[in-house]
Structures are given as structure tokens and as C-alpha cells.
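A.B. asks: Encoded as C-alpha cells, here's the structure I'll be asking about.
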Amino acid sequence: MRNQLSLSDEDENDSSNSVFCWWKTAEEFKERGNLKLDLSNLSNLTPTVKVLREMERLALVAPEGLDDLRHKLLTYRSGDFWSPTGGINKEDMKIPPLITILLVGFSGSGKSSLVNLMYSVLGRSGLIPFAQTSGNSPNYTTLFIEEHNVLRSLRSGFCVYDSRGFDYNRMSESFEDLTAWMVDGVHHNQLCRRSGDEALRREGMVIPSMGSMLSSSRFKRRRVNCAIVVANVADIYKALQKGDSKPLEATRELFWCPSLRKCNENPLLILTHGDLLSAKERIDGRLKICEFLGVSETTGTYDIVCLTEHGLLADDSDPVTAYALTEAIYRALIFSDRTHSPKRNIKDWVVIFVSWVMCSISAFFAFLAYFFSRLSRRDKLKL
């Protein structure tokens, strides 16, 4: 299924410049003259051609840009991508020592596979070349949040959290967990029990005991700086082919969840899938999801192959996938550094203290008014 196609006709015989370009099998790609970069008619491009041009951009930049982005992530420190706004200096901003990126999505969307792919693509620059999430076992269901430092560097200023997948049939319960994560923060080994866990235990799934989670609260709780929504294109596309729109509707509800939007006005969307769909199916699935979610087909949306048709983890032997994943993390860090709030100065603390005093006084007088009103009613009843 994988064809090694070059970026241009001139490089057709140069194997060093050839990369995996699945989109070149699409009919639109052939009809439009291999999509030569002509910026004069961008307003007339169809959504399909926009996706094809975005994939061409990734393919052109990937061979040389991957190492550059890896280096930027390896040397990144929290606040490096902060830009001065409102006349506030960087020293006056409240910047955490570590940026927290949270992966959210429904069960089977590919979050754990995405973390494993991060280790394969990015972890080679650090001290530990590769690691796997605990969710790879066939008899295991993720019940707690896992913290992953995919770049094992003393200068690396971000970590990725792999969360438990949501359930299509328990949307309200799932979004309660999401709201708690976005408001209260997350920590490593944070237990995420739900009402259907006992049924999973009876089916033979490995569920950790409460005793193994007693020390989980000792891990440092971190505020979520950026959330990335992970959706499985293959599952959604196949469900739509069968007339089932529930996965797509649930993904839209997750993407536009108020608690998620409070942290990120424009959350990143990563579409994962195995190497089983044709070019037409991948593009059609991506366009249907983006149209239904009301987001751009290209901006902030990444199509990443996590597993090949043989069940193997894709890595940087596919430079387009590797670069797309690296750019998604890079963009998440840029979004995170834009959301930092200013530090509170003495004036702010004085205003907070005065407000607290005034609220206490008003509450005291409200209690007195309530008490004497009840007392006057008792006296009237006696008369």
C-alpha cells in the first residue's frame, strides 16, 4: 500500500528525497498537475485541494524542517514562545516551570499510540530512546492519567498527559471528568474510575486496586495549559458509512466543550488512523469531520498515521508523519505561552482583601436582617 513517491518530477530518481506521500494517489492531485505551488488562485481552491496542498507543504518542509523543530523542542523552556502584549514585561507574567499538554478523546481514538509515536519521533533526541504507555496490553484499560516527558532533557519545559478515553454512552459523566481536569488540574497516576468499571473487570480487563493508587495524590498537580483533541478518522468514517453519526456528534460535543474552550479558544485537532484507508477515504473523512466541527481543513488540524497496516508503530522513517506530529506539539507550546496571565502585585492583593472584607460585612448584615425578620414574625404570632 505504501508507495515511495518523490516530491517532484526532477527528484523522481533521487531516493534520498523520496518520502511517503499517500495523497498523491488522489484523483484531484493528478488532475491539477501534481499541485504545483501557485499562490495566485488560493480563494478558488476546493476543500479537497486545500488538504492536498497542506500535505504537500508538510512534505516539502519535513526533510529539512524536522531536525530544526526537534532542536527547538529539545531546548524549549516554558515561556520561550511568549510574545509581549498589553505593555507587560515577561518578568511580570505568571509562567509555570513546565507546560502541560493534555490529550483528550474517546476510547480507541489513538491517544496512547500518539504518545508512543512521540517517544519514537522525539525521544531519540533525549537520554531514553523509546518508552511505551501502559495501555498497550490487550487486557488493560487505562484508569488513570499518565504523565510523559517525551524529551528526556534537563532543559525541556513541557510534558504530555495521556488521559482515559471517554465513552460515547456516558457523555455527561465523561465531561464531568474533563471539567475537573481543566479546572483543578491533573497529576500523574490520577485515578479515573467510572460506573462501568466493574463490568470491565468481569470481562477480564486488568483493573488496578485502590491500594495501588494510595500514593498517586503525592504527585504534583499541574494546570492544563493546552488540550489536544484526538479523534480516529477510520472509526468515524466507517461509522458514517454505516449511517451512524454518533461518534462524529460526540466528537463535536467534545471539541466545543465549554471547559475545554475556557483553556483553549482554538484547541488543536489531531486525526489518527491506521494505514488502512485509501487516499480518498482519508481526505473525505477529514473534510467531513472538519466541516461538522466548524473548523478549518488545514489550520490547527493534523492527519497522523499512528499504526501501519501491519500493526507497527510509524516513526521518522515516514518524515511527513514525524514532522506533522512535531509541528502539532510545537504549535501547542505556542498556544500555551499565549495564555499566561500577569502576576498579582500589591494593588491586586489589596483589592482582593478589600473585596473579601466587604463581602464578609455584607454577609454579616444579611444574616442580621434574616435573624431579626424571623424574630419579628414570632412576636407577631404571639400577639
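A.B. asks: Subtracting the Cα-Cα distance from 0.36 nm times the residue separation, let me have the gained length for Leu375 to Leu154 in nm, one decimal.
C.D. replies: 72.9 nm
A.B. asks: If you count, for each residue, the other Cβ atoms within 10 Å and average over each peptide, how do 159-168, 295-304, 98-107 line up from highest to lowest?
C.D. replies: With the highest mean Cβ count within 10 Å placed first, the list reads 98-107, 159-168, 295-304.
A.B. asks: About its Cα centre, how strong a charge dipole does the range 324-380 have in debye, to the nearest 20, once Lys and Arg get +1 and Asp and Glu get -1 at the Cβ?
C.D. replies: 400 debye
A.B. asks: Can you work out the Karplus-derived ³J(HN,Hα) for every residue in the range 279-290? Use 6.51 cos²θ - 1.76 cosθ + 1.60 with θ = phi - 60°, whole Hz, and x for glycine or proline.
C.D. replies: Result, ordered by residue: 4, 5, 5, 5, 5, 4, x, 5, 5, 5, 5, 5 Hz.
A.B. asks: Quick one: Tyr237, Tyr119, fewest Cβ neighbours within 10 Å first, how do they rank?
C.D. replies: Ordered from fewest to most neighbouring Cβ atoms within 10 Å, Tyr237, Tyr119 come out as Tyr237, Tyr119.
A.B. asks: Highest first, please rank the peptides 361-369, 333-341, 172-180 by the mean number of other Cβ atoms sitting within 10 Å of their residues.
C.D. replies: The peptides rank, most packed first, as 333-341, 172-180, 361-369.
A.B. asks: Taking other Cβ within 10 Å of each residue's Cβ, how do Glu91, Glu54 sort, fewest first?
C.D. replies: Glu91, Glu54
Read-outs throughout are calculated quantities, based only on the coordinates presented, and are distinct from any laboratory measurement. Every value quoted in this text rests on a predicted model; they were computed, and no experiment measured them. A quick note on method: Cβ atoms are made from the backbone with ideal geometry, for glycine too, and the neighbour counts reach across all protein chains shown.
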